[in-house]
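J.: Input: one structure, supplied below.
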Amino acid sequence: MTVKKKKDRVLIFDTTLRDGEQSPGASLNHREKLEIAHQLARLKVDVIEAGFPVASPGDFKAVQAISEAVKGPTVAGLARCVKKDIEVCAEAVGAAEKSRIHVFLATSEIHRKYKLRKARSEILKLASTSVAYARTLCPDVEFSPEDASRTERDFLAEVVEAAIDAGATTINIPDTVGFAVPSEFGGLIAYLFDTVPNINNAIINVHCHNDLGLAVANSLAAVQNGARGIECTINGLGERAGNAALEEIVMALRTRPEEFGGAWTGVKSEHLFGVSRLVSRLTGMSVQRNKAVVGANAFAHESGVHQDGMLKNRSTYEIMRPEDIGIDGTELVLGKHSGRHAFANQMTRMGITLSDSELEAAYDRFIALADKKKHIYDDDLVMIAREQMAEVSPVYMLEYLHVSTGTDTVPTATVRIRKGTDVLQDAACGDGPIDAALKTIDRMTGIQGTLIDFSLQAISVGKDAMGEVSVRVDFGEATISAKSASTDIVEAGTKAYLSCVNRLLSERNGDKEAVPKNKAARRKGGMNASPMKAAPTKESP
Ligand code: KIV
Ligand code: ZN
């Protein structure tokens, strides 16, 4: 057995809740973010980047709640090199056992010239003053020179040195646009280790995007050259083509440690499959079947030759054991005779943390579903948990839905919804039953939405499987995504649409009540008080 040396430990920095949530179409509500954060702690990642607190009141509240509730990993929040961003971030992560402020500033010529309109000297100064200011609020400060891989090497080295001098405890080298290739990116990390005199005073992280499908390869090349922190996301979610996939990084280091000088992570790989499935269900971003490590086909052997080899000795075609990532082939199937205890046990086994009242309500949903379908699988249970977390207090609830459709009929829907004690009912025709139902809802709520995405996916297996509908709706003032599942896909689509309406209404409310103090100041122009004299930029990571 190889001895794991402390110096070879690679810290896993999970950014599913920040960069991952920036994936087009992957939005999570407060309760869902908290659940994912609990699961990441169970997985034993080292750092959870919980959000970008200044971006919205919802982000602020989520980072704050995760900091308060989740024990184990460091909780990080993102901030631009802007005084108020840093203050809001410090306030949001303040309650964590271990907190971190992660400040970033673009350094490449393209970004300096077109986005920031700042000279090298201004960037250098802004990076150091921001890191130094963050250090006055938090002992753990990370600095990211955004677009590092396209930054002139000598200038990047200067910025990194200045940030470490100013107190950065971690330096992150992002390949922001996924432009690098492994030999080059590994070479960049080696160059920084050779050139920056104080480099050993900080941990070097990397943060690779997957635009050329090289995010994992680039991250691993960085480890071979001295990086000891990898920023990654569950299922490789993230801006555009995503970030490096956490499960692939962890399993590559675990399967081939000798190629990485014995590098290892503290991640409990046996939870990888469960977390992957939860994130996929909660974000509505499905995992492709042939995805490495966690895809449905990752351990399926189809050809006769392979099956024969597997039967003789698994090592002929298997480089990882399914049980190492939590696929143990012993999924317990529940049904309508399963009691509360079995239901609660199964939820706990999957690492899902529901309060007593949530568990009780989830059990009622389970019984209702078990009346419609015989076997309830883990995927169905994740869906039940998700529906339980979906909306704390929906304004509109679907009470009744009847559709009439067929080859020679005009599709018509009759819909009844409840708003508090008011019951509204109406009917409309449409191009199809879903169009008819949504038109009826628009008429009753007086809110016009345009459906810009509608996708359907089967959950678990069998003809009676539930269909999960994910929708994206443009309301003009906001674009909102939601999902719903049912054994009836028209009902699932209608409920998902109504969820979007409810989310719109709750965002309208939330905006009024949830503005953190510092943010309110910023809106009033408090930004000018910045000691860094930094004008707010429009950049977003
Ligand atoms: O991709 C990127 O550069 C980022 C930074 C904020 C680290 O997400
Ligand atoms: Zn990123």
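J.: Check Val267, Val275 and return the single one that is in the same structural domain as Ala190 (by TED's automatic domain parsing), more than 16 Å from ligand 2 (Cβ to nearest atom) and assigned to a loop (DSSP other than H, G, I, E, B). Reasoning before the result, please.
T.: Numbers: Val275 fails: assigned to a loop (DSSP other than H, G, I, E, B).
Answer to the check: Val267.
J.: Please enumerate the residues belonging to region 1-21 that are acidic (Asp, Glu), within 16 Å of ligand 1 (Cβ to nearest atom) and not in a strand (DSSP E or B). Can you show your working first?
T.: Initially, region 1-21 is screened for residues acidic (Asp, Glu), giving 8, 14, 19, 21.
If we keep only those that are within 16 Å of ligand 1 (Cβ to nearest atom) too, we end up with 14, 19, 21.
Passing the criteria: Asp19, Glu21.
J.: Which residues, counting only those in region 266-282, are touching a Lys or Arg at 6+ places or on another chain (Cβ under 7 Å) and polar (S, T, N, Q)?
T.: So in region 266-282, the residues touching a Lys or Arg at 6+ places or on another chain (Cβ under 7 Å) come out as 266-269, 271, 281-282.
Correct list: Ser269 only.
J.: State the number of residues belonging to region 192-211 that are assigned to a strand (DSSP E or B) and more than 11 Å from Ile173 (Cβ to Cβ). Break it down stepwise before answering.
T.: Let us first name the residues in region 192-211 that are assigned to a strand (DSSP E or B), namely 203-209.
Filter once more, keeping what is more than 11 Å from Ile173 (Cβ to Cβ): 203, 209.
Number satisfying all stated conditions: 2.
For every residue, the table says whether it meets (1) more than 17 Å from Leu504 (Cα to Cα); (2) in contact with a strand residue (DSSP E or B) (Cβ under 7 Å, 6 or more places away or on another chain).
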residue: Ile417; (1), (2): no, yes
residue: Thr421; (1), (2): yes, no
residue: Pro433; (1), (2): yes, yes
residue: Leu438; (1), (2): no, yes
residue: Thr445; (1), (2): no, yes
residue: Gln448; (1), (2): no, no
residue: Ala458; (1), (2): yes, yes
residue: Ala485; (1), (2): yes, yes
residue: Glu491; (1), (2): yes, yes
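J.: Looking only at residues that are of a type in the set (Asp, Glu) and in contact with a helix residue (DSSP H, G or I) (Cβ under 7 Å, 6 or more places away or on another chain) in region 33-60, which one is nearest to ligand 1 (Cβ to nearest atom)? Break it down into steps so the answer makes sense when it comes.
T.: Going residue by residue through region 33-60, those that are of a type in the set (Asp, Glu) are 35, 46, 49, 59.
Cutting the leftovers down to in contact with a helix residue (DSSP H, G or I) (Cβ under 7 Å, 6 or more places away or on another chain) gives us 35, 59.
Values: Glu35: 23, Asp59: 14 Å.
Among those that are of a type in the set (Asp, Glu) and in contact with a helix residue (DSSP H, G or I) (Cβ under 7 Å, 6 or more places away or on another chain), it is Asp59.
Residues checked against (1) at pLDDT below 85; (2) assigned by TED's automatic domain parsing to the domain that holds His38; (3) aliphatic (A, V, I, L, M):
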site: Gly304; (1), (2), (3): yes, no, no
site: Gln307; (1), (2), (3): yes, no, no
site: Met310; (1), (2), (3): yes, no, yes
site: Ser315; (1), (2), (3): yes, no, no
site: Ile319; (1), (2), (3): no, no, yes
site: Thr330; (1), (2), (3): yes, no, no
site: Leu334; (1), (2), (3): no, no, yes
site: Asn345; (1), (2), (3): no, no, no
site: Met350; (1), (2), (3): yes, no, yes
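Conditions tested, residue by residue: (1) of a type in the set (Gly, Ala, Ser); (2) open to solvent by 20 Å² or more (accessible area, probe 1.4 Å).
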| site | (1), (2) |
| --- | --- |
| Leu438 | no, no |
| Gly446 | yes, yes |
| Asp453 | no, yes |
| Leu456 | no, yes |
| Lys463 | no, yes |
| Met466 | no, no |
| Val471 | no, no |
| Asp474 | no, yes |
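J.: Can you pull out the helices (runs of 4 or more DSSP H) entirely within region 334-423 that have at least 2 residues that are open to solvent by less than 80 Å² (accessible area, probe 1.4 Å) and of a type in the set (Val, Ile, Thr)?
T.: On the way: elements: 340-349, 356-372, 378-390.
Output list reads 378-390.
J.: Does Leu188 qualify as being under 17 Å from the mean Cα position of the chain (by Cα) and within 16 Å of ligand 1 (Cβ to nearest atom)? Write out each step before concluding.
T.: Numbers: under 17 Å from the mean Cα position of the chain (by Cα): no; within 16 Å of ligand 1 (Cβ to nearest atom): yes.
For Leu188, the condition - under 17 Å from the mean Cα position of the chain (by Cα) and within 16 Å of ligand 1 (Cβ to nearest atom) - is not met.
J.: Here are some residues: Thr176, Thr169, Thr136. Which one is open to solvent by 10 Å² or more (accessible area, probe 1.4 Å), under 30 Å from the mean Cα position of the chain (by Cα) and within 15 Å of Arg228 (Cα to Cα)? Don't jump to the end; show me each part of the working.
T.: On the way: Thr176 fails: within 15 Å of Arg228 (Cα to Cα); Thr136 fails: within 15 Å of Arg228 (Cα to Cα).
After applying the criteria, what remains is Thr169.
J.: From the set of residues in region 238-253 that are modelled with pLDDT of 95 or more and open to solvent by 10 Å² or more (accessible area, probe 1.4 Å), which is farthest from ligand 1 (Cβ to nearest atom)?
T.: Ala252
J.: Continuing with this model, one more query. So which residues in region 492-507 are over 18 Å from Gly420 (Cα atoms) and either at pLDDT below 50 or surrounded by fewer than 19 Cβ atoms within 10 Å (Cβ to Cβ) (or both)?
T.: Once the filter is applied, which keeps residues that are over 18 Å from Gly420 (Cα atoms) and either at pLDDT below 50 or surrounded by fewer than 19 Cβ atoms within 10 Å (Cβ to Cβ) (or both), region 492-507 yields only Glu507.
J.: Check Asp194 against each of (1) free of Cβ contacts under 8 Å to residues at least 24 places away in the same chain; (2) within 16 Å of ligand 1 (Cβ to nearest atom); (3) among the charged types (D, E, K, R) and name the one condition it does not meet.
T.: Evaluating Asp194 over (1) free of Cβ contacts under 8 Å to residues at least 24 places away in the same chain; (2) within 16 Å of ligand 1 (Cβ to nearest atom); (3) among the charged types (D, E, K, R) leaves (2) as the failure.
J.: Among the residues of region 54-68, is there at least one that is open to solvent by less than 10 Å² (accessible area, probe 1.4 Å), out of contact with any Ser or Thr (no Cβ under 6 Å at 6 or more places or on another chain), more than 22 Å from Gly20 (Cα to Cα) and hydrophobic (A, V, I, L, M, F, W, C)?
T.: no
J.: Working carefully through the options Asn200, Asn235, find the one that is more than 15 Å from ligand 1 (Cβ to nearest atom) and either open to solvent by 50 Å² or more (accessible area, probe 1.4 Å) or outside the structural domain of Ser108 (by TED's automatic domain parsing) (or both). Give the derivation first.
T.: Working: Asn235 fails: either open to solvent by 50 Å² or more (accessible area, probe 1.4 Å) or outside the structural domain of Ser108 (by TED's automatic domain parsing) (or both).
Being more than 15 Å from ligand 1 (Cβ to nearest atom) and either open to solvent by 50 Å² or more (accessible area, probe 1.4 Å) or outside the structural domain of Ser108 (by TED's automatic domain parsing) (or both) holds for just one of Asn200, Asn235, which is Asn200.
J.: Looking only at region 22-32, decide whether some residue is of a type outside the set (Phe, Trp, Tyr) and within 13 Å of ligand 1 (Cβ to nearest atom). So that I can check it myself, show each step before the final result.
T.: Of region 22-32, the ones of a type outside the set (Phe, Trp, Tyr) are 22-32.
Next cut, within 13 Å of ligand 1 (Cβ to nearest atom) only: 22-23.
Checking region 22-32: at least one residue is of a type outside the set (Phe, Trp, Tyr) and within 13 Å of ligand 1 (Cβ to nearest atom).
J.: How many of the residues in region 265-291 are open to solvent by less than 50 Å² (accessible area, probe 1.4 Å) and either among the hydrophobic types (A, V, I, L, M, F, W, C) or at positive phi (or both)?
T.: Result for region 265-291: 9.
J.: Does region 177-191 contain at least one residue that is away from ligand 2 (no atom under 16 Å from the Cβ), assigned by TED's automatic domain parsing to the domain that holds Leu17 and part of a loop (DSSP other than H, G, I, E, B)? Break it down into steps so the answer makes sense when it comes.
T.: Of the residues in region 177-191, the ones away from ligand 2 (no atom under 16 Å from the Cβ) are 181-184, 186-191.
Keeping just the survivors that are assigned by TED's automatic domain parsing to the domain that holds Leu17 gives 181-184, 186-191.
Filter once more, so that each one left must be part of a loop (DSSP other than H, G, I, E, B): 181.
Yes, region 177-191 has at least one match.
J.: Being free of Cβ contacts under 8 Å to residues at least 24 places away in the same chain and touching a helix residue (DSSP H, G or I) at 6+ places or on another chain (Cβ under 7 Å), is that true of even one residue in region 286-309?
T.: yes
The values are calculated or read from the model by the stated rules, or taken from the named source; none is laboratory data. Just so we're clear, the structure is a prediction, and the values are computed from it rather than from any experiment. Please note: Cβ atoms are built from the backbone with ideal geometry, for glycine as well, and neighbour counts cover all protein chains shown. Accessible surface is based on the protein model in full, side chains and every heavy atom, while ligands, DNA and RNA are left aside. Shrake-Rupley method; radii C 1.70, N 1.55, O 1.52, S 1.80 Å.
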